[in-house]
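The values are calculated or read from the model by the stated rules, or taken from the named source; none is laboratory data. If you're wondering where the values come from, they're calculated on a predicted model, not measured in any experiment. Ideal geometry is used to build each Cβ from the backbone, glycine not excepted, and the neighbour counts take in all protein chains shown. Accessible surface is based on the protein model in full, side chains and every heavy atom, while ligands, DNA and RNA are left aside. Shrake-Rupley method; radii C 1.70, N 1.55, O 1.52, S 1.80 Å.
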Amino acid sequence: AVPVASAPPQASEMKPFACANILLLPKGEYLKAADVLTKAEKDEANPMGSLHQFASVAVSFLTNRPETPPASPAAADRSDLAKLSRAELRAAIPEIVARARRTSIVILNEEHQSPRDRAFALEVARALRPLGYSILAVEGFHSSPDAAERVRKAKRIATDGYVRLSTGVYTLDPVFAAFVRKSLALGYRPAVYDFVTAQGVRRTAAQREQGEADNLMSGIFSKTPKAKVLIYVGYSHAAERPLDGNTWMAARLKRMTGIDPLTIDQTTLSRTGSGGLYAALEKRMRGRSVVPMLGGKPLKFGSLGPAVDLQVAHRPTRLLHGRPDWLFAMGRTAVEVPPKLRPRTGRVLAQAFLANEAADAVPVDQVIARAGGKPPPLLVPPGPLRFAVRRGFQPGDCEAAPK
């Protein structure tokens, strides 16, 4: 009998989330990932469904996203608005520094779709360094079930002095990468601590929170109990009291170390977190990030309010030359997108990298350039640069390699 050749295996189309997170983002294809997730979100029957957060995060990596207009103050609780009307708005950084002197652990949270929060995290890291804070523990660093591997991952970040595409998911944001890069340059030592399980093994919320606290204890506090540590987390991981039926990492670490941490929430008094309250604050901020105080005590709101020490509100973002003004405040210089990177048709993502960083480093900045118009400037730190261009999603980009 004559053998019949079997047909070659065919590529298969991946689902949008898997495509963006397995195929595209690990290769630095930011624009394609944002395109595929945004389209999938629009196709969903529920526009606030399962893909909403992932699409918002992917779009935020482009760092040029307009802010959502705040809600009317009328949308907020009247008693909360009455308190805010009497509140003293203190500059956030001096208030944080004064309180950080009384502890050795500061826990700061973020909205995962908010590069602005990471710019503020750098302000906090810079302000805490003279107080002796020297370890930066980041939930967003990819972790491992193995303690030795977590140490190796942290050493690689420290040796490089920057983050790579493989360092984490949220660290793919150029502003997050700048926060880490500049913190390392200030003298911080990175720590990897998120709790992950072996492949295919699911983790419960309680397992993750306890695992994070355990990893921080074994990796830092058991070895150096007097270490001064800035821990950067998402949302409720900063809660130092039980919340929403869970005991979160901050509460577990507080119990295990015996140290009362300074816990700071950026998510509640934001445009997206509580638009009505933010609308009542934005005209009073005087160009700075603020902490509301009443009767000499921090004023806090929402479900996270009772579980943290401070809540911060950031002044409204203004666009300068089409870019967020707080990006300029990060010590950056505006440079034009090189003409050779500008498209003749359609749109592309123009990227800038520090020339001395590896090919898989996270870009220092990126902007969308469209045919027929002048793109906004790239905002870059000092040093020689290299440039690259990435195109948007094309049919076939979500095809997985055949097995």
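Of all aspartates and glutamates in the structure, the ones whose alpha carbon falls short of 12 Å from that of K32, not counting any fewer than 8 places away in one chain, are D397.
Solvent-accessible area of R126, all protein chains in place: 110 Å² (probe radius 1.4 Å, heavy atoms, ligands and nucleic acids excluded). Here's the list of lysines a cross-link from K254 could span, going by alpha-carbon distance under 29 Å and ignoring same-chain residues fewer than 8 apart: K153, K155, K182, K223, K226, K228, K297, K300. Using a cutoff of 8 angstrom between alpha carbon atoms and counting only pairs six or more residues apart, the relative contact order for the chain works out to 22 percent. For the chain, the solvent-accessible area of protein heavy atoms averages 46 Å² per residue (probe radius 1.4 Å; ligands and nucleic acids excluded).
The trypsin sites (Lys or Arg not before Pro) of segment 143-205 that meet both conditions, a loop assignment by DSSP and at most 15 other Cβ atoms within 10 Å of the site Cβ, are R202, R203. Of the peptides 273-286, 128-141, the order by per-residue mean of other Cβ atoms within 10 Å, starting with the highest, comes out as 128-141, 273-286.
Relative contact order of segment 218-323, taken over Cα pairs closer than 8 Å and 6 or more residues apart, is 26 percent.
In a simple Cβ point-charge model (Lys, Arg +1; Asp, Glu -1; nothing else charged), segment 143-278 has a dipole of about 420 debye relative to its Cα centre. At a Förster radius of 35 Å, what calculated FRET efficiency corresponds to the Cβ-Cβ distance of L186 and K39, to the nearest 0.05? Taking R0 as 35 Å, the efficiency between L186 and K39 is 0.30. Modelled spin labels at T345 and R286, positioned 7 Å past Cα toward Cβ, are 5.5 nm from each other. Contact order, relative form, for segment 125-227: 36 percent (alpha carbon pairs under 8 Å, 6 or more residues apart, mean separation divided by residue count). What is the helix-to-structure angle for 147-160, meaning the angle in degrees between its Cα long axis and the longest Cα principal axis of the chain, kept from 0 to 90 and rounded to the nearest 10? Result, in degrees: 80. The string of couplings for segment 111-120 from the Karplus curve (6.51, -1.76, 1.60, θ = phi - 60°) is 7, 5, 9, 10, x, 4, 4, 6, 5, 5 Hz, one whole number per residue in order, with x for Gly and Pro.
From the coordinates of this entry, Rg and Dmax of the Cα atoms in Å is computed, and it appears in (i) 22.2, 93; (ii) 25.0, 84; (iii) 24.4, 108 under the label (i).
For the peptides 106-114, 243-251, the ranking by mean Cβ contacts within 10 Å, running from highest to lowest, is 106-114, 243-251.
For segment 295-403, rounded, prolate or oblate, judged on the Cα gyration tensor with a ≥ b ≥ c (square roots of eigenvalues), a/c < 1.5 rounded, else prolate if a/b > b/c? Prolate shape, in that a/c is at least 1.5 and a/b is the bigger ratio. Charges were assigned to the Cβ only: +1 to each Lys and Arg, -1 to each Asp and Glu. The resulting dipole of the chain about its Cα centre is roughly 1120 debye.
Taking only protein heavy atoms and a 1.4 Å probe, the accessible area of the chain is 55% carbon and sulfur.
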